[in-house]
Amino acid sequence: MSQNLDTLRQQIDEKDQLLLKTFQDRMAISLAIADYKNQNNLPVYAPERERALLDKLTKQANPEFRSYVRAFFLDIMQLSKSAQYRANEEDKYTQILQSALANSPKMLEQGQMVACQGVEGAYSQQAVETMFDFPNILYFSTFEGVFRAIDSGLCHYGVLPIENSTAGSVGAVYDLMLKYNFSIVKSCRVKVDHCLLAPKGVRLENVHEIFSHEQAINQCGEFLSALGKNVKITSVRNTAEAAKMIALGERRDVAAISSHSCAELYGLDVLREDIQSSGNNHTRFICISKNLEILPGADRTSLMLTLPHRPGALFSVMSKINAYGINLEKLESRPLPNRDFEFMFYFDLRTPVYSEDLGGLLSHLENSCESFRYLGSYLECV
């Protein structure tokens, strides 16, 4: 049996050597084609040619191997296109990245006007103060208010929550990303420790209604379930706003899920500390700007794109990213408004902005997606 296996493995090795030579010969021809296309101002991506060739090869394959053959040649074509884009040193996004690096500030300046959602004491305020020294913070009641402040030029920067390690992504922010043009300049992670706050003298057994943001409510699900069905849970726009509301109100049967700092800020009692279900509870915030700015050391890149509604479209994008050897750190999908069963995809890639491969990948994706937006390259702080 072992001798038989050794013989089969030897046969595999011989075929791999043939494949290696054939593959390298094919890639060399692809680079020659890239040179011809560059000299004649032709696009790298020729979808009709690629589709016809895939169909032809699939039909020629033995029936039991057709799906494998199609996937195999699709990968080879992705690698060929990647090599062709790399060969074009004047690709669009390499120039964009180099220009942004040369013209962006070396660090976020002190005293910037920064927009965030909520009121004083919000976790968004903590995120702003993590990313900026001595910021001038302008608070807005909604996430869209932050986007509008950036879009109108009222504020140069805005800070928004994008995901939580326990409750997941902030869908409302992703939906607004489709509507507004902006660039991500920086991101940070804020440790979230929720407390149950109440007006002075109110005891836990007297609480009949608890207010907080939907994400915070989700993050404290186990604690809230233990309180029983007689306690009403009400969602509001912000955890700090919940604390401020019960502090200014007259009710003596209410509490808020908020931060310890809000207890001090609004003169509330802390009934319980650390009530979140997970001890490792962090919220990730992004800092956005209307202009593309890339600070030194940026190693994370975010993209938004839509794809044609056909089998293999998302796989094709993943293959391109893999072909460039770039790490995909996050993939998020959101339904497109007014388009049935079609989605926007959000990607976070981990690679230094100085990488020669990044510009080629971005150019490659832009030319092969239905729509494509480069959201920026940035550094994440904790």
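Quick notes on this structure:
- Any hit, the stretch 88-95, residues being out of contact with any Ser or Thr (no Cβ under 9 Å at 6 or more places or on another chain), assigned to a helix (DSSP H, G or I) and within 30 Å of residue 30 (Cβ to Cβ): yes
- Pair list, Cβ under 8 Å, 6 or more apart: the stretch 346-371 residue closer than 12 Å to residue 86 by Cβ, other residue at pLDDT below 95 and small (Gly, Ala, Ser): 357/325; 360/82; 361/82; 364/82
- Candidate set from the stretch 152-169 (those that are over 20 Å from residue 378 (Cα atoms) and modelled with pLDDT of 90 or more); member that is surrounded by the most Cβ atoms within 10 Å (Cβ to Cβ): 154
- In the stretch 112-124, the residues that are surrounded by 21 or more Cβ atoms within 10 Å (Cβ to Cβ), under 8 Å from residue 157 (Cβ atoms) and among the polar types (S, T, N, Q): none
- Counted residues, the stretch 33-81 - those being among the small types (Gly, Ala, Ser), over 23 Å from residue 322 (Cα atoms) and assigned to a helix (DSSP H, G or I): 1
- Within the stretch 57-87, tally of residues that are of a type in the set (Ser, Thr, Tyr) and at pLDDT 90 or above: 3
- Residues located in the stretch 291-331, provided they are surrounded by fewer than 18 Cβ atoms within 10 Å (Cβ to Cβ), within 28 Å of residue 126 (Cβ to Cβ) and of a type in the set (D, E, K, R): 299, 329, 330
- When we screen 6, 75 for residues that are more than 20 Å from residue 365 (Cβ to Cβ) and either in contact with a Ser or Thr (Cβ under 8 Å, 6 or more places away or on another chain) or not assigned by TED's automatic domain parsing to the domain that holds residue 323 (or both), the only hit is 6.
- Of the residues making up the stretch 96-127, those that are in a helix (DSSP H, G or I) and farther than 24 Å from residue 148 by Cα are 96, 97, 98, 99, 101, 102, 103.
- The stretch 362-378 - residue that is among the aliphatic types (A, V, I, L, M) and within 16 Å of residue 100 (Cβ to Cβ) and, of those, surrounded by the fewest Cβ atoms within 10 Å (Cβ to Cβ): 375
- Output for the stretch 225-245, where each listed residue is in contact with a Leu (Cβ under 7 Å, 6 or more places away or on another chain) and either within 23 Å of residue 145 (Cα to Cα) or buried (at least 23 other Cβ atoms within 10 Å of the Cβ) (or both): 243
- Checked against the criterion of being crowded, with 16+ Cβ neighbours inside 10 Å, under 16 Å from residue 189 (Cβ atoms) and out of contact with any helix residue (DSSP H, G or I) (no Cβ under 8 Å at 6 or more places or on another chain), the candidates 149, 127 yield just one match: 127.
- When 338, 280 are checked against the criterion of being within 24 Å of the chain's Cα centre (by Cα), over 24 Å from residue 163 (Cβ atoms), polar (S, T, N, Q) and in a loop (DSSP other than H, G, I, E, B), a single residue qualifies: 338.
- Residue 222, sole failed condition from (1) of a type in the set (D, E, K, R); (2) surrounded by fewer than 16 Cβ atoms within 10 Å (Cβ to Cβ); (3) within 30 Å of residue 296 (Cβ to Cβ): (3)
- Test: residue 184 is in a strand (DSSP E or B), buried (at least 17 other Cβ atoms within 10 Å of the Cβ) and under 25 Å from the mean Cα position of the chain (by Cα): yes
- Residue within the stretch 21-31 that is at pLDDT 95 or above and over 24 Å from residue 356 (Cα atoms) present: yes
- Check on residue 26, within 30 Å of residue 378 (Cβ to Cβ) and either surrounded by 10 or more Cβ atoms within 10 Å (Cβ to Cβ) or in contact (Cβ under 8 Å) with a residue 60 or more places away in the chain (or both): no
- Any chance residue 257 is touching a residue at least 12 places away in the same chain (Cβ under 8 Å), surrounded by 23 or more Cβ atoms within 10 Å (Cβ to Cβ) and in contact with a His (Cβ under 7 Å, 6 or more places away or on another chain): yes
- All of (1) within 28 Å of residue 297 (Cα to Cα); (2) surrounded by fewer than 20 Cβ atoms within 10 Å (Cβ to Cβ); (3) aliphatic (A, V, I, L, M) hold for residue 202 with one exception: (1).
The values are calculated or read from the model by the stated rules, or taken from the named source; none is laboratory data. All values reported here derive from a predicted model rather than from experimental measurement. Cβ: placed from backbone, ideal geometry, glycine included. Neighbour counts: every protein chain shown.
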